[in-house]
């Protein structure tokens, strides 16, 4: 960040967007009362939820991004309805200066763009301040995955003689068999499982419904879990959630993420994992064994095929590794 003294102006350089802009030195005084949340954010979240059926996680991300922006604007005594392109660039530059990564900046800018387009449509602002701001260039990183042997080691890590260990093993089996998002797994209910047909019904992002085969192994673990360990976990309590905690509640995404990390460590896997690691493994292993990309797209619930195509790169990289390791001239 470059600052000049005197009454000239402040200069802020944004390395992510490669933009240098002028920031007025004096704050504006058109802010809402301190501590009062701008109601336009709630109206926006209600609108996108009704129009697009976005998931609670996506709505929470929008709220967090917009709250961060409005708080920063309040510190400069600027109302969100009076936000300018210069204000947004200054906010982004401050974030970058504080160490924000390009991917985080791009996500926030996407949230702001959708919000201000809504505000223009509603007549709350005259023009979209994001219209002339370019998205930062981001290289698409390949998803972290596991080999089939590593997945087997993770699946074998829980102690299935313990009811909670049996629950964890069943959750891991279902996750790897179906490629569910972790949020979809922990929210899974009895009514979504058809054991006779061996499928589960998922209502994913954008309220898109999909039927996913479970496979014989996952069906077997589910049947055993429901017959005994689940009842031992619940005792006299009742819940519709398929994978309850000791308290009879549904498990949180964060709790299951800690479970995955614990079993990966127990299995001796040193890779940096993500909550989607088994979902990535599901897609990559299907493609490695010749599955059609469109089928994988439907199973994952991707609306755009280009989102699924990244797994073809993972599969190709794996093939190169195998060739280099096992071919005599590799």
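The values are calculated or read from the model by the stated rules, or taken from the named source; none is laboratory data. Source: prediction; values computed, not measured. Here the Cβ is made from the backbone with ideal geometry for all residues, glycine too, and neighbour counts use every protein chain on show.
The rows are residues; the columns are (1) over 20 Å from the mean Cα position of the chain (by Cα); (2) more than 22 Å from residue 276 (Cβ to Cβ); (3) at pLDDT below 90.
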site: 140; (1), (2), (3): no, no, yes
site: 143; (1), (2), (3): no, no, yes
site: 152; (1), (2), (3): yes, no, no
site: 165; (1), (2), (3): yes, yes, no
site: 172; (1), (2), (3): no, no, no
site: 179; (1), (2), (3): no, no, yes
site: 188; (1), (2), (3): no, no, no
site: 205; (1), (2), (3): no, no, yes
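Need the failing condition index for residue 104 against (1) assigned by TED's automatic domain parsing to the domain that holds residue 49; (2) in a loop (DSSP other than H, G, I, E, B), just the number.
(2)
Counting only residues that are without any contact (Cβ under 8 Å) to a residue 60 or more places away in the chain and surrounded by 16 or more Cβ atoms within 10 Å (Cβ to Cβ), how many does region 40-58 have?
So the count comes out to 1.
Which numbered condition trips up residue 158, out of (1) in a helix (DSSP H, G or I); (2) in contact with a helix residue (DSSP H, G or I) (Cβ under 7 Å, 6 or more places away or on another chain); (3) at pLDDT 90 or above?
So the condition that residue 158 fails would be (1).
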